[in-house]
Amino acid sequence: MTPFPREGFRALRRYTPIEDPVEIELSDNTNLWGCHPDALAVMRDAASGDISNYPQAYSSDLRDAVADTFDVPAECVITGCGSDDVLDSTFRAVCDPGARVAFPNPTFLMIPHLLVVNSLQGVPLGNARRPPSPRQLLDAGADLIYVCTPNNPTGTALSRAWIEELLDGVGSTGPVVILDEAYYEFNVASPGYDPGDTSLVKRALAVPRIMIARTFSKAYGLAGLRAGFGIAHPDLLGEVEKARGPFKVGLLAERAAAAALRDRSGWLEPTVREIVACRDRLVAELRRRGGDPLPSSANFIMLPVPAPAVEVTREMIARGIAVRPFPNVPGVGEALRVTVGPPPVIERFIEAWEDICHPAAGDAGQEAIAAEAAG
Ligand SMILES: Cc1ncc(COP(=O)(O)O)c(C=O)c1O
């Protein structure tokens, strides 16, 4: 009989968001400009039956909205209770226990979690400043390759040439590739973005091996509703849909997400542009004051810190600001991940960061943090 809890699973920790009550929440990469107003209007118009009835089994209306937006057949679209659900369903559909999953390291924290839950072997490659080559991922003997671009937690985006090389290498018989584009909208609005994404979607549909995952939790500001989607060839999608199961996305979440995607009010583009401008100002300001944030194409930045990230985070929380600590990041060391907010929020963060870790404080600053943590 398999012992309970099974081996490997026992050590797994429940994912814990930062739950301390804080004034400024910069730890989960949501949209600090608020939610898409077209989605809010849908929620305000809700009727009793929208809640007492089950939703559509496979969110046909949202699938149609995605299909219209991307000009793909609805049979190439899957929805999920957040894009986490699309990732989870793809892992379960594709991998037998023991299968290998290759990914550029570091990556989205849910991936190591899914590896343990599904008894899979992770093959992390590269580091935060130097991603692996597509060839290294393809040669890793993996059944599944997970690539996040722009990457969480670093914020850096892979070039289109890099992605094309990976997709070329997969062909119709290679490992299944998940291309997680949770932060896609910010990448497109970033300086230097190489356009032509629509053809990338079309290209992904040419072989039953590529799943493009997107979310409504970030640019659209709908994290509380839990809606995401994937685009893939119907042969791959049909298998993943079996793992997903019916009745995942709530009816109001589906309707609100479809309204946000159709974006009749035109809210999305200027909002994303403003977030990107604030991000670039934050990066420039940190650099001007001696910080060394990684280049970002997302709505957050990774900022190396001169002391243990967990201690710095504790200090931030004491000042009313939640950020996400990343200890021991390969290629970077101790770092914080910080969501971009409007100017007053950025100012508060910079002030706290200077107070806690200003580079001028040097070793004395580290000692002060360590002493405070100890006492
Ligand atoms: C890279 C990445 N993928 C997927 C997700 C999941 O998003 P959702 O809220 O749609 O489940 C996140 C959320 O933080 C993310 O950072």
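The values are calculated or read from the model by the stated rules, or taken from the named source; none is laboratory data. Remember, predicted model here, so these are calculated numbers, not experimental data. Because the Cβ atoms are built from the backbone with ideal geometry, glycine has one as well, and the counts that use them run over all protein chains shown. Accessible surface is based on the protein model in full, side chains and every heavy atom, while ligands, DNA and RNA are left aside. Shrake-Rupley method; radii C 1.70, N 1.55, O 1.52, S 1.80 Å.
Observations
- Solvent-accessible area of the chain (1.4 angstrom probe, protein heavy atoms only): carbon and sulfur portion equals 52 percent.
- P(r) tail fraction, the chain - alpha-carbon pairs more than 32 Å apart, %: 34 percent
- The chain: antiparallel DSSP beta bridges as a percent of all, rounded to 5: 50 percent
- Accessible area of the chain divided out per residue, in Å², using a probe of 1.4 angstrom: 44 Å²
- As a rough guide to protection, the peptides 228-234, 156-162 ranked by mean Cβ packing within 10 Å, highest first, stand as 228-234, 156-162.
- Helical contribution to [θ] at 222 nm, DSSP H n ≥ 4, -39,500 (n - 2.57), averaged over the chain, rounded to 500: -12500 deg cm²/dmol
- Burial ranking of peptide ranges 49-61, 296-308 (average Cβ count within 10 Å, highest at the top): 296-308, 49-61
- Cα-based shape type of the stretch 42-185, given that a ≥ b ≥ c are square roots of the gyration tensor eigenvalues and the cut on a/c is 1.5: prolate
- Phi angles across the stretch 271-286 convert, under the Karplus curve 6.51 cos²θ - 1.76 cosθ + 1.60 with θ = phi - 60°, into 3J(HN,Hα) values of 5, 4, 4, 5, 4, 5, 5, 5, 4, 5, 5, 4, 4, 4, 5, 5 Hz, Gly and Pro given as x.
- Between the stretch 153-190 and the stretch 218-285, the C-alpha centres lie 17 angstrom from each other.
- The stretch 1-145, relative contact order [Cα under 8 Å, separation at least 6], %: 19 percent
- Under Karplus coefficients 6.51, -1.76 and 1.60, residue-wise ³J(HN,Hα) of the stretch 120-134 in Hz, glycine/proline x: 10, 9, x, 10, x, 10, x, 8, 4, 9, 9, x, x, 7, x
- Shape of the stretch 3-93 from the C-alpha gyration tensor: oblate (a/c of 1.5 or more and a/b not above b/c, with a ≥ b ≥ c the square roots of its eigenvalues).
- Residues whose amide H comes within less than 5 Å of that of VAL177, counting only those at least five positions distant or on another chain, are ILE145, ILE210, MET211 (H built at 1.01 Å from N in the peptide plane).
- Relative contact order (%) - the chain, alpha-carbon pairs under 8 angstrom, separation at least six: 24 percent
- Each part reduced to its alpha carbon centroid, the stretch 65-141 and the stretch 308-349 end up 26 Å apart.
- Between the Cα long axis of helix 160-170 and the first principal axis of the chain there is an angle of about 50°, rounded to the nearest 10.
- The phi-based Karplus calculation (6.51 cos²θ - 1.76 cosθ + 1.60; θ = phi - 60°) puts the 3J(HN,Hα) values of the stretch 143-150 at 8, 9, 10, 10, 10, 10, 8, x Hz, whole numbers, x for Gly and Pro.
- Sorting the segments 314-324, 216-226 by their mean number of nearby beta carbons within 10 angstrom, highest to lowest, gives 216-226, 314-324.
- Interchain or long-range residues, amide H under 5 Å from GLN121's placed H: GLY98, ALA99, ARG100, VAL101
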